[in-house]
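Worksheet: the structure to be examined is printed underneath.
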Amino acid sequence: MNKRILVVEDDVAIGNLIKMTLSTQKYEYAIVRDGQSALQKAISMKPDVIILDLGLPDMDGIDIIQKIRSWSQTAIIVVSARGEESDKINALDVGADDYVTKPFSVDELLARIRVALRRNAIDGSVNQEQPMFVNGHLQINYLANTVLVNGAEVHLTPIEYKLLVVLSKNVGKVLTHNFLLKEVWQNYLPSDIPSLRVFMATLRKKIEEDPANPKYIQTHIRVGYRMLRYEGDSMRGE
Ligand code: CA
């Protein structure tokens with residue numbers, strides 16, 4: 001069955017661009033132009049992915065995400081205007097999976113949709129209580145608290161390990177700096193972001209083949225980080 005995509009976008013030109021993009025793929029899709037219609041359609045259509053413009057005429061995009069998240073884990077990709085950094089960060093914090101910034105390319109949008117669909121497939125098929133996480137050459141044993149890269153154990157500090165676990169349990173999803181700080185340190189300040197960067201750098205040195213060109217952990221500048229599914233040379237997502 002084709003995957004279903006719900007597009008919520010009040011800008012006609014951008015709506016048409018997305019429509020053209022989706023019509024070249026084997027996706028079923030619907031476009032609505034306001035928040036109320038989005039909520040109704042999300043219930044009747046049961047989309048696999050929702051592409052949600054944050055600036056809608058009748059409702060705040062953040063409210064829409066919160067309402068949808070109260071009953072559905074469907075993937076949500078938010079569309080935000082350039083310069084509205086805080087909007088997309090708030091959207092991620094209330095449960096959006098990913099974002100694209102206007103103007104975005106067709107390829108970028110399709111890549112984000114593929115990541116979101118893979119994340120659904122993983123969540124749907126994997127028992128969340130699995131003690132082992134395997135992603136390419138990376139293995140985490142959540143019970144033994146061990147991490148293997150290419151079959152060899154690597155030694156992580158407790159904070160590096162916690163960071164890696166949070167990223168792996170949300171593979172495919174962009175996690176904001178604040179979310180990571182909250183998960184890893186119980187007491188934190190937004191000013192702790194530089195130390196988060198330091199721990200991320202040391203973690204990458206231990207798990208990435210080429211830390212300058214990371215395959216597992218993507219940086220989203222001013223937003224946060226995401227672990228991607230490793231797909232060898234054809235790794236995509238950005
Ligand atoms: Ca808009």
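The values are calculated or read from the model by the stated rules, or taken from the named source; none is laboratory data. All values reported here derive from a predicted model rather than from experimental measurement. Heads up, the Cβs are rebuilt from the backbone with ideal geometry, glycines too, and the neighbour counts pull from every protein chain shown.
Values as computed for the structure displayed
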| read-out | value |
| --- | --- |
| When residues of segment 70-85 are limited to those that are among the small types (G, A, S) and within 16 Å of the ligand (Cβ to nearest atom), the one surrounded by the most Cβ atoms within 10 Å (Cβ to Cβ) | S80 |
| Test: residue in segment 59-69 that is within 16 Å of the ligand (Cβ to nearest atom), in contact with a Pro (Cβ under 6 Å, 6 or more places away or on another chain) and modelled with pLDDT of 95 or more | no |
| From L180, L203, residue being in contact with a strand residue (DSSP E or B) (Cβ under 7 Å, 6 or more places away or on another chain) and surrounded by 17 or more Cβ atoms within 10 Å (Cβ to Cβ) | L180 |
| All positions within segment 215-238 that are surrounded by fewer than 19 Cβ atoms within 10 Å (Cβ to Cβ), at positive phi and modelled with pLDDT of 90 or more | R222 |
| Pair list, Cβ < 8 Å and 6+ apart or interchain, from segment 68-82 residues that are among the small types (G, A, S) to residues that are in a loop (DSSP other than H, G, I, E, B) and more than 16 Å from the ligand (Cβ to nearest atom) | A75/D48; A75/D97 |
| Pick from segment 183-199, criterion over 25 Å from Q130 (Cα atoms) and touching a residue at least 12 places away in the same chain (Cβ under 8 Å), ranking: surrounded by the fewest Cβ atoms within 10 Å (Cβ to Cβ) | P190 |
| Residue check for I50: within 16 Å of the ligand (Cβ to nearest atom), part of a strand (DSSP E or B) and over 18 Å from D98 (Cα atoms) | no |
| Neighbours by Cβ (under 6 Å, 6+ apart or cross-chain): first from segment 41-59, among the acidic types (D, E); second assigned to a loop (DSSP other than H, G, I, E, B) and within 15 Å of the ligand (Cβ to nearest atom) | D53/E9; D58/D34 |
| Pair list, Cβ under 6 Å, 6 or more apart: segment 1-22 residue farther than 11 Å from V79 by Cα and of a type outside the set (A, V, I, L, M), other residue within 14 Å of the ligand (Cβ to nearest atom) and not in a strand (DSSP E or B) | D10/R33; D10/L56; D10/P57; G15/E9 |
| Every residue from segment 155-186 that is hydrophobic (A, V, I, L, M, F, W, C) and not in a loop (DSSP other than H, G, I, E, B) | I159, L163, L164, V165, V166, L167, L175, F179, L180, L181, V184 |
| Exclusive hit being more than 16 Å from the ligand (Cβ to nearest atom) and either crowded, with 22+ Cβ neighbours inside 10 Å or in a helix (DSSP H, G or I) (or both), set L22, L17 | L22 |
| Residues satisfying the stated conditions in segment 131-149, i.e. at pLDDT below 95 and either on the phi > 0 side of the Ramachandran plot or touching a Leu at 6+ places or on another chain (Cβ under 6 Å) (or both) | P131, G136, N145 |
| Single residue of M45, M1 found to be farther than 22 Å from S70 by Cα, of a type in the set (A, V, I, L, M) and more than 15 Å from the ligand (Cβ to nearest atom) | M1 |
| Residue list for segment 25-42, restricted to those being within 16 Å of the ligand (Cβ to nearest atom) and assigned to a strand (DSSP E or B) | I31, V32 |
| Residue tally, condition part of a loop (DSSP other than H, G, I, E, B), in contact with a helix residue (DSSP H, G or I) (Cβ under 8 Å, 6 or more places away or on another chain) and under 20 Å from D10 (Cβ atoms), over segment 66-116 | 1 |
| Segment 86-108: number of residues that are farther than 22 Å from D48 by Cβ, crowded, with 16+ Cβ neighbours inside 10 Å and away from the ligand (no atom under 14 Å from the Cβ) | 3 |
